[in-house]
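The values are calculated or read from the model by the stated rules, or taken from the named source; none is laboratory data. Since this is a predicted model, take the numbers as computed values, not measurements. Heads up, the Cβs are rebuilt from the backbone with ideal geometry, glycines too, and the neighbour counts pull from every protein chain shown. Accessible surface is based on the protein model in full, side chains and every heavy atom, while ligands, DNA and RNA are left aside. Shrake-Rupley method; radii C 1.70, N 1.55, O 1.52, S 1.80 Å.
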Amino acid sequence: MTFLLLLLQADGGTQTADVPNAMGAHTWFVILAVGAFLIWSISYSLQLHKETLARRKGRDELARRKEELLDEIARLEDQKDAGAIAEKKYKQDLRDLKFHLGKVLEKLGTKL
């Protein structure tokens, strides 16, 4: 029986039919849609990461500014205690520094 099948196949008795793939366009559409979604996902993830780094940098900068203002207030207090600064100038500078410190603390509060 196998011998007969081999003879028939050798004679060209059975041939495969070439049928166009009806799902070919659908397959390429699915591949392109999934690829576009993956590219969008990567782009979105990178954007979130970049925003997180910017927010962290902003918080670090505000914390550094807060420390600078506190150091300036301490220096101003030392100058007042040493008598190196006039009372009127001391009060004005202290008011300005406290104002700036309040602004920085306000921004730090909203950044957290």
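With the chain treated as a Gaussian network of Cα nodes joined by springs under 10 Å, which of Ala36, Ala63, Ala82 yields the largest mean-square fluctuation?
Ala82
Identify which of Gly24, Gly58, Gly102 has the largest mean-square fluctuation in a Gaussian network model of the chain, with springs joining Cα atoms closer than 10 Å.
Result for the chain, Cα springs under 10 Å: Gly24 fluctuates most.
So, with +1 on the Cβ of K and R and -1 on the Cβ of D and E, and no other charges, what is the size of the charge dipole of the stretch 33-103 about its Cα centre, to the nearest 20 debye?
That gives a dipole near 300 debye.
Counting only helical runs of four or more DSSP H residues, what would the 222 nm mean residue ellipticity of the chain come to if each run contributes -39,500 (n - 2.57) and the total is spread over all its residues?
Dividing the helical sum by the residues of the chain leaves -30500 deg cm²/dmol.
For the chain, with the dipole built from +1 on Lys and Arg beta-carbon atoms and -1 on Asp and Glu ones, taken about the Cα centre, which of Tyr44, Ala74, Phe3 lies farthest toward the positive end?
The one lying farthest along the dipole's positive direction is Ala74.
Once both labels are modelled 7 Å past Cα along the beta-carbon direction, what's the Leu46-Lys103 spacing in nm?
3.6 nm
Under 10 Å, Cα contacts only: if you run a Gaussian network model on the chain, which one of Glu72, Glu87, Glu61 comes out with the highest mean-square fluctuation?
Glu87
Which order do you get for Asp93, Asp81, Asp71 if you rank them by accessible area with a 1.4 Å probe, largest at the top?
So the residues, ranked largest to smallest area, are Asp81, Asp71, Asp93.
Once the Cβ-Cβ distance between Glu67 and Tyr90 is put in as r, and R0 is 25 Å, what FRET efficiency do you end up with, to the nearest 0.05?
After rounding, the FRET efficiency stands at 0.75.
Over the chain, with the other protein chains present, what is the accessible area per residue in square angstrom, probe 1.4 angstrom?
86 Å²
What angle do you read, to the nearest 10 degrees and between 0 and 90, between the alpha-carbon axis of helix 87-111 and the longest principal axis of the chain?
The angle comes out near 20 degrees.
Find which of Gly35, Gly83, Ala22 sits farthest along the positive direction of the dipole of the chain, computed with +1 on the beta-carbon of Lys and Arg, -1 on that of Asp and Glu, about the Cα centre.
Farthest towards the positive pole: Gly83.
Report Rg(Cα)/(2.2 N^0.38 Å) for the stretch 19-112, keeping two decimals.
Against the empirical 2.2 N^0.38 Å value, I get 2.29 for the stretch 19-112.
What is the percent carbon and sulfur in the accessible area of the chain, measuring with a 1.4 Å probe over the protein chains and ignoring ligands?
Carbon and sulfur together cover 62 percent of it.
Helix 24-82 versus the longest principal axis of the chain: what is the Cα-based angle in degrees, 0 to 90, to the nearest 10?
With rounding to tens, the tilt is 10 degrees.
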